[in-house]
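Student: One structure coming up, written as C-alpha cells, with questions to follow.
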Amino acid sequence: MNAEEIWKSMLSGEVYDATHPELLRKLMITREKLWEYNHLRPTETGRMREIIESLLGSYGDWFQINQPFRCDYGENIHIGQNFFANFNLTILDEAEVRMGDNVFIGPNVSIYTACHPLDAETRNTAVEWAEPVTIGNNVWIGGSVTIVPGVTIGNNVVIGAGSVVVKDVPDTVAVAGNPARIIKQL
C-alpha cells in the first residue's frame, strides 16, 4: 500500500499495518512537536498555541491543553469552542476523535481509538484497526477516565473520576465506575 492508501485504511476502520513507514514517519513528526510543546516554559503560551494549532485537525477560538499532552497523529483530533484539558491528556487518534463545545477534561485522561487483535499470533504481526470516539457538547470528564475505541458520549454528560467508558453514553446523564454506568439523570 502507498502512503495515501494506508492512511485511508486506518481512518476508515479497516485492518492496516501499524508499522507502515508512512505511519511511522507521521508519528515521529508528531512526537517531535509534542516534545517541544511539553518542554516549553508555562509562560510561552503563544508558541504552545502555535504548536497545538499545527497538530489538531480543527479547533475552536478558545482552548487550553495543559502540559504534558500526548497523541499519535493530532490531525485526527477535532475540538470545539471553549475546550479545556488538564495535565496528562493522552489521545491515540488512529481514528477521528471529535469533541464538541464546552468540553472540560480532568487530569490523566486517556482516549483510545486503536484496536488490536485478541489472537496473539495475529497481534504480533502489528496489524490493527481503529474506531472513532465522539464526545458531545457540555461534557465534563473527571480525572483518570479512560474512554475506549468506538464510544460516543452524548451532550450534557458528566463522567466520574476513574471511570472506564466502554459503551455509548446518552445525553444528560452522569456515569461512573468500571465499566461506567449511569448513576444519575441530569
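Student: Counting just the residues of region 144-172 that are under 27 Å from L11 (Cα atoms) and assigned to a strand (DSSP E or B), which one comes out most open to solvent (accessible area, probe 1.4 Å)?
Tutor: By that ranking, first place goes to T152.
Student: Can you tell me which residue in region 82-129 is farthest from Y59 (Cα to Cα), limited to those that are surrounded by fewer than 21 Cβ atoms within 10 Å (Cβ to Cβ) and among the acidic types (D, E)?
Tutor: The residue in question is E121.
Student: Same structure, new question: Write out, first by first residue and then by second, each pair whose Cβ atoms fall under 6 Å of each other, whose residues are 6+ apart or on separate chains, and whose first residue, in region 62-74, is farther than 13 Å from E44 by Cα while the second is surrounded by fewer than 20 Cβ atoms within 10 Å (Cβ to Cβ) and of a type in the set (D, E, K, R).
Tutor: Pairs that qualify, where the first residue is farther than 13 Å from E44 by Cα and the partner is surrounded by fewer than 20 Cβ atoms within 10 Å (Cβ to Cβ) and of a type in the set (D, E, K, R), are Y73/K26.
Student: Let me ask you something else. For the subset of region 173-186 comprising residues that are of a type in the set (V, I, T) and surrounded by 15 or more Cβ atoms within 10 Å (Cβ to Cβ), which member is nearest to N155 (Cα to Cα)?
Tutor: V173
Student: Something else: Select from region 93-136 the residues that are farther than 17 Å from P149 by Cβ and either under 14 Å from the mean Cα position of the chain (by Cα) or basic (K, R) (or both) and list them in ascending order.
Tutor: Within region 93-136, G100, V103, F104, I105, G106, P107, N108, G136 meet the criteria.
Student: Output the qualifying pairs, or none if there are none: Cβ atoms under 8 angstrom, residues six or more apart or on different chains, first residue in region 148-175 and at positive phi, second residue small (G, A, S) and surrounded by 15 or more Cβ atoms within 10 Å (Cβ to Cβ).
Tutor: Listed by first residue and then by second, the contacts come to N156/G136; G162/G142; G162/G143; G162/S144; G162/A176; T172/G154.
Student: May I pose another question? Taking the options I91, I153, I135, I105, name whichever one is of a type in the set (A, V, I, L, M), at pLDDT 95 or above and in contact with a Cys (Cβ under 7 Å, 6 or more places away or on another chain).
Tutor: The conditions single out I91.
Student: Another question, then. Just to be sure I understand, how many residues within region 1-52 are without any contact (Cβ under 8 Å) to a residue 60 or more places away in the chain and open to solvent by 60 Å² or more (accessible area, probe 1.4 Å)?
Tutor: So the answer is 25.
Student: Take N88 and decide whether it is in contact (Cβ under 8 Å) with a residue 24 or more places away in the chain and at positive phi.
Tutor: no
Student: Of everything in region 91-143, what is in a strand (DSSP E or B), closer than 21 Å to N155 by Cα and hydrophobic (A, V, I, L, M, F, W, C)? Give them in sequence order.
Tutor: Hits for region 91-143 are I91, V97, M99, V103, F104, I105, I111, V133, I135, V139, W140, I141.
Student: Here is a list of conditions, (1) under 22 Å from Y59 (Cα atoms); (2) under 15 Å from the mean Cα position of the chain (by Cα), and V165 meets all of them except one; can you say which number that is?
Tutor: Of (1) under 22 Å from Y59 (Cα atoms); (2) under 15 Å from the mean Cα position of the chain (by Cα), only one is false for V165: (1).
The values are calculated or read from the model by the stated rules, or taken from the named source; none is laboratory data. Because the structure is a prediction, the values reported are computed rather than measured. Note that each Cβ is placed from the backbone with ideal geometry, even for glycine, and that neighbours are counted across all protein chains shown. Remember, those area values only see protein heavy atoms, side chains included, never the ligands or the DNA or RNA. Shrake-Rupley method; radii C 1.70, N 1.55, O 1.52, S 1.80 Å.
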